[in-house]
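Report on the structure given below.
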Amino acid sequence: LESTIHQRARDIITAAHGELDFVDLVADLPVWTLAHIMGVPASDRRLLYDWASRVIGYQDAEYADLSTAGDLSPIGRQAVRQRPPTTLRPDGRPMNPRSKAALTDMFAYAHALADAKRKNPGDDVMSRMLSGGLSDAEFENMFFLFAVAGNETLRNGIPGGLLTLLEHPTEFKRLRDDSSLLDSAINEMLRYWPPVMDFRRTATQDVELGSQPIHTGDKVVVYHASANRDETVFSDPDTFDITRSPNDHVSFGFGPHYCLGAHLARVQMRAVFRELLPLHIEQTGPPARLASNFQNGLKHLPVHLTRR
C-alpha cells in the first residue's frame, strides 16, 4: 500500500507545473487512498470527497453543497438520488450535518457497498470488516469514520504543512538540504498546524483536572491547537523547528482515542513532501481558509511550481 501511495503522489506532483491551486492538486490523494482501502469503485471516490465537505464544511457556503462526483457506478447513482432535498429540519433549524438524516445518501451507499462486498468479497478493509460480524451501527460508524475523518484531515493537513514551510523559508531550505529530516518535519507540521483544532468528550465520572472540578456528564473540549503550544511541554512552542525532539504533539489524539489512521496519514504526507522538495514553490496569493471552528482548513492555496 505504501508503494502505491508513493506512486500516486509522484504521478500527481509530476504532472503539476505552473500556476495552480495546491489544495485542489493534492485533495485527490487521501480520497484515492481511502477508496483503495475501502474497496470503493474509482468512479465513486469523489463521493467520499463531497460527503466530507458537507460534514466538515457545513458552515462554509463553498463546501456545504459541494457536488463534484461525475460518472458514478449504479450504486453511486442510486445513493445520490437519496440525498436529502434540504438540510433544514421541519422547524426551520439546520439538521446536524453528522446525523443519519443529513447523510441519507452516504449511509445508503454504505449499505449497498456492504451488500456487494458480502456477495463478492475483495482484498480490502471493508470486506474484512464485514466478515468479522459487525453490527449495522458499528459498520455505519466505521464507514463514516473512514469516509470523513480519514479524508478531510489530510486534505487540510498537507496544504497546511506546505503553507507553514512557505512561511518559514529558512526551515524549508533546511529540509531541502537534508531530506533525512522529513519525518521530523512532518511531526512539526502536525504540531504547528493541527488539522483538527478541538474535540469534545463527555466525562464518565467526577474528576478534578487542573484544579477544575468536572462532573459526570459534563462536556469537555480538548483544544489540540492549544495543547500543541503548551509551554510546559514544548520549549519555544511558537517556533517552527523541523528538528524538534521530543515532539509530543496531540494532533492524532492520545491514549485509547489515538487516531486509527495516524500511520496512514504520515505515509501520505511523506509521499507528497518527498516529491515537493526538488521543486521551486512560490506562493502567488493569499490562502483562503475554511469557515470552521473544528477543522484547521484551507480551501485554496495559490502557488507556482517549477522544476529546479
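The values are calculated or read from the model by the stated rules, or taken from the named source; none is laboratory data. If you're wondering where the values come from, they're calculated on a predicted model, not measured in any experiment. Glycine gets a Cβ as well: all are built from the backbone with ideal geometry, and neighbour counts include every protein chain shown. Keep in mind that these areas ignore ligands, DNA and RNA; they rest on the heavy atoms of the full protein, side chains included. Shrake-Rupley method; radii C 1.70, N 1.55, O 1.52, S 1.80 Å.
What number of residues in the range 1-49 are without any contact (Cβ under 8 Å) to a residue 24 or more places away in the chain, of a type in the set (Gly, Ala, Ser) and surrounded by fewer than 16 Cβ atoms within 10 Å (Cβ to Cβ)?
Number satisfying all stated conditions: 3.
Need the failing condition index for VAL233 against (1) in contact with a helix residue (DSSP H, G or I) (Cβ under 7 Å, 6 or more places away or on another chain); (2) more than 24 Å from GLU2 (Cα to Cα), just the number.
(1)
Sort out which residues of the range 266-308 are within 23 Å of ALA15 (Cβ to Cβ) and out of contact with any strand residue (DSSP E or B) (no Cβ under 7 Å at 6 or more places or on another chain), and write them in order of number.
Those that are within 23 Å of ALA15 (Cβ to Cβ) and out of contact with any strand residue (DSSP E or B) (no Cβ under 7 Å at 6 or more places or on another chain): VAL267, GLN268, MET269, ARG270, ALA271, VAL272, PHE273, ARG274, GLU275, LEU276, LEU277, PRO278.
Residues that are surrounded by 12 or more Cβ atoms within 10 Å (Cβ to Cβ), touching a residue at least 40 places away in the same chain (Cβ under 8 Å) and not acidic (Asp, Glu): does the range 208-215 have at least one?
Start the filter on the range 208-215 by keeping residues that are surrounded by 12 or more Cβ atoms within 10 Å (Cβ to Cβ), which leaves 214.
With the extra rule that they be touching a residue at least 40 places away in the same chain (Cβ under 8 Å), the set shrinks to none.
Checked the range 208-215: no residue is surrounded by 12 or more Cβ atoms within 10 Å (Cβ to Cβ), touching a residue at least 40 places away in the same chain (Cβ under 8 Å) and not acidic (Asp, Glu).
Name the single residue that is nearest to SER251 (Cα to Cα) among those in the range 282-300 being buried (at least 17 other Cβ atoms within 10 Å of the Cβ) and in contact with a Leu (Cβ under 6 Å, 6 or more places away or on another chain).
Ranking the qualifying residues of the range 282-300, first place goes to GLY297.
Residue by residue through the range 22-44, note down the ones that are outside any helix (DSSP H, G or I) and under 15 Å from the mean Cα position of the chain (by Cα).
Residue satisfying the conditions is ALA27 alone.
Please enumerate the residues belonging to the range 143-195 that are modelled with pLDDT of 95 or more and among the polar types (S, T, N, Q).
Of everything in the range 143-195, those that are modelled with pLDDT of 95 or more and among the polar types (S, T, N, Q) turn out to be THR164, THR170, SER179, SER180, SER184, ASN187.
What are the residues in the range 56-97 that are outside any loop (DSSP other than H, G, I, E, B), of a type outside the set (Gly, Ala, Ser), at pLDDT 85 or above and loosely packed, with under 13 Cβ neighbours inside 10 Å, if any? Write out each step before concluding.
Looking only at the range 56-97, we keep the residues that are outside any loop (DSSP other than H, G, I, E, B), and these are 56, 61-64, 74-80, 88, 94.
With of a type outside the set (Gly, Ala, Ser) added as a condition, the list becomes 56, 62-63, 74-75, 77-78, 80, 88, 94.
Next cut, at pLDDT 85 or above only: 56, 62-63, 74-75, 77-78, 80.
Matches in the range 56-97: PRO74 only.
Is it the case that PHE252 is under 21 Å from the mean Cα position of the chain (by Cα), part of a strand (DSSP E or B) and surrounded by 10 or more Cβ atoms within 10 Å (Cβ to Cβ)?
no
Take ARG274 and tell me if it is open to solvent by less than 30 Å² (accessible area, probe 1.4 Å), at negative phi and of a type in the set (Lys, Arg). Steps first, answer last, please.
Values: open to solvent by less than 30 Å² (accessible area, probe 1.4 Å): no; at negative phi: yes; of a type in the set (Lys, Arg): yes.
Answer is no for this residue.
Just a yes or no: is a residue in the range 227-234 assigned to a helix (DSSP H, G or I) and out of contact with any Phe, Trp or Tyr (no Cβ under 6 Å at 6 or more places or on another chain)?
Yes - at least one qualifying residue is present in the range 227-234.
Could you check how many residues of the range 151-206 are crowded, with 17+ Cβ neighbours inside 10 Å, within 15 Å of the chain's Cα centre (by Cα) and not in a helix (DSSP H, G or I)?
Total meeting the criteria: 5.
Restricting the range 98-130 to residues that are over 17 Å from ALA79 (Cβ atoms) and assigned to a loop (DSSP other than H, G, I, E, B), which is farthest from the chain's Cα centre (by Cα)?
Selected residue: ASN120.
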